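**Q** For reference, the structure I am asking about is given below.
The values are calculated or read from the model by the stated rules, or taken from the named source; none is laboratory data. Source: prediction; values computed, not measured. Virtual Cβ from ideal backbone geometry, glycine too; neighbours counted across all protein chains shown. Please note that ligands, DNA and RNA were not included when accessible areas were found on the heavy atoms of the full protein model with its side chains. Shrake-Rupley method; radii C 1.70, N 1.55, O 1.52, S 1.80 Å.
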Amino acid sequence: YHWLTIGAADDIRAMQLEEVQAFFRTYYHPANASLSLAGDIGTDAALALAEKYFGDIPAGTLPGPVAAHASLTRETRLVLEDRVEMPRLYIGWLSPAMFDDGDAEMDLLSDLLGNGKTSRLYRTLVYGRRIALDVSSFQNSRELGSFFMLVVTAAPGKSLTDIAAAVDATLHGVIERGPTKPEMERAEAQAEAHFIYRLQTVGGFGGKSDQLNAYNVFRNDPGFFARDLARYRNATVESVRAAAERYLRFDARVVLSVVPRGHSASALSGSSPVSVS
């Protein structure tokens, strides 16, 4: 996931026609595709349509799986000067891949830490101490590997150093004692609501057909819905605490300070400058 999926301009200009054709032959064929038909249509008619439009295309050879590994062995601090009004802090960790052990726990953890006004970081940073304007957190689940992200925007006149210290104190609390029972109940209810919401439409991004297709691609089981939801229902206070301890390490993360141009001194100490091309 280091490269943008649309490719870099220099790489695209350097491509040879034979390379593009070979890539297409490797990946764009029925053996490497999953087709979902949804709506007011019977099974026989759906299969007939699939045969009509795709039946004469050679299946091709299923390509092998892609393997990749990423690791963080220390805390890395970066600073980016940009056209922004208020400083913002991004803290990222490597986390379990989609459907792996701990993935659901990290998803629940993101909810109780930074999703909504009842989350721990919002209550502490925005409502309580008023050193931040907003807080968000999310578990970006991906097939090869995931990342967990916290984002905090500083309130006027407040320092990223104070915000980082408050975030770390909150993380220490979760790692040491885990979430409370009410927090778990709220996070699990929120997860179930997301599941139901995705089933409210037939197609499009997040609809039933998209969900069934995703399960077929990633789990080889279009009926994985119940087991997927069970991952969240089976999570416990201890399993979420253990996931936080394992993955939200203070010595294995990237901390990015985004500050207004000319104000690099407002970044966290020890930050190295970076730029976006």
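**Q** Which residues' amide hydrogens lie under 5 Å from the amide hydrogen of Ser95, considering only partners 5 or more residues apart or on another chain, with H built in the peptide plane?
**A** Ser146, Phe147, Phe148
**Q** Mind giving me the FRET efficiency for Arg233 and His172? R0 is 35 Å, r the Cβ-Cβ distance, nearest 0.05 is fine. Don't skip to the answer; put the middle values down first.
**A** Numbers: r = 28 Å, r/R0 = 0.79.
Computed FRET efficiency for Arg233 and His172: 0.80.
**Q** Let me ask something else about it. Mind checking the dipole of the chain: about its Cα centre, +1 per Lys or Arg Cβ, -1 per Asp or Glu Cβ, Debye to the nearest 20?
**A** Working: 28 positive and 33 negative charges, 200 e Å.
Magnitude of the dipole: close to 960 debye.
**Q** Just how much of Phe218 is accessible, in Å², when a 1.4 Å probe is used and the result is rounded to the nearest 10?
**A** The value for Phe218 is about 80 Å².
**Q** Taking +1 at the Cβ of each Lys and Arg and -1 at the Cβ of each Asp and Glu, which of Leu248, Pro273, Ala230 sits farthest along the dipole of the range 226-274 towards its positive end, judged by Cα position relative to the Cα centre?
**A** So the residue furthest toward the plus end is Ala230.
**Q** Hey, another quick one. Return the lysines within reach of Lys52: Cα separation strictly under 27 angstrom, same-chain partners fewer than 8 residues apart disregarded; answer none if there are no such residues.
**A** Counting by Cα, and skipping residues close in sequence, Lys52 has these lysines nearby: Lys208.
**Q** Give me the one-decimal nm value for the distance between modelled label points at Val66 and His194, 7 Å along each residue's Cα-to-Cβ direction.
**A** 2.3
**Q** Let me ask something else about it. Roll a 1.4 Å probe over the protein chains and send me the accessible area per residue for the range 126-220 in Å².
**A** Heavy-atom accessible area per residue stands at 54 Å².
**Q** If every alpha-carbon in the chain counts as one equal scatterer, what log10 I(q)/I(0) does Debye give at q = 0.09 1/Å?
**A** -0.57
**Q** Let me ask you something else. List the lysines whose Cα lies under 21 Å from the Cα of Lys158, skipping any in the same chain that are fewer than 8 positions away.
**A** Lys117
**Q** Then there's this: Helix 237-247: angle to the longest alpha-carbon principal axis of the chain, degrees 0 to 90, nearest 10?
**A** 90
**Q** Okay, moving on. Once R0 is set to 30 Å, what does the formula 1/(1 + (r/R0)^6) return for the Cβ-Cβ distance between Val276 and Leu49, expressed as a FRET efficiency to the nearest 0.05?
**A** Numbers: r = 45 Å, r/R0 = 1.51.
Calculated transfer efficiency: 0.10.
**Q** Of Lys208, Lys117, which has the most accessible area and how do the rest follow, probe 1.4 Å?
**A** Values: Lys208 80, Lys117 150 Å².
Sorted descending by solvent-accessible area, the residues read Lys117, Lys208.
**Q** Please figure out what share of the DSSP beta bridges in the chain is antiparallel and state it in percent, rounded to the nearest 5.
**A** On the way: 21 of 31 bridges.
Bridges in the chain are about 70 percent antiparallel.
**Q** For Thr76, list long-range residues whose amide hydrogen, built 1.01 Å from N in the peptide plane, is under 5 Å from its own amide hydrogen.
**A** Arg253, Val254, Val255
**Q** What percentage of the solvent-accessible surface of the chain, computed with a 1.4 Å probe over protein heavy atoms, is contributed by carbon and sulfur atoms? Kindly include the intermediate steps, with their values, before the conclusion.
**A** On the way: 9540 of 17200 Å².
In the chain, the share of accessible area belonging to carbon and sulfur is 55 percent.
**Q** With labels modelled as points extended 7 Å from the Cα through the Cβ direction, what inter-label distance (nm, one decimal) is found for Thr26 paired with Ala226?
**A** Spacing of the two 7 Å Cα→Cβ label points: 4.0 nm.
**Q** What's the extension gain from Ile57 to Tyr1 if we count 0.36 nm per residue and subtract their Cα-Cα distance?
**A** On the way: separation 56, 0.36 × 56 = 20.16 nm, distance 3.05 nm.
Length gained, Ile57 through Tyr1: 17.1 nm.
**Q** Moving to a separate point now. Report the label-to-label distance for Asp11 and Ala33 in nanometres (one decimal), using points 7 Å from each Cα along the Cα→Cβ vector.
**A** Distance between label points: 2.4 nm.
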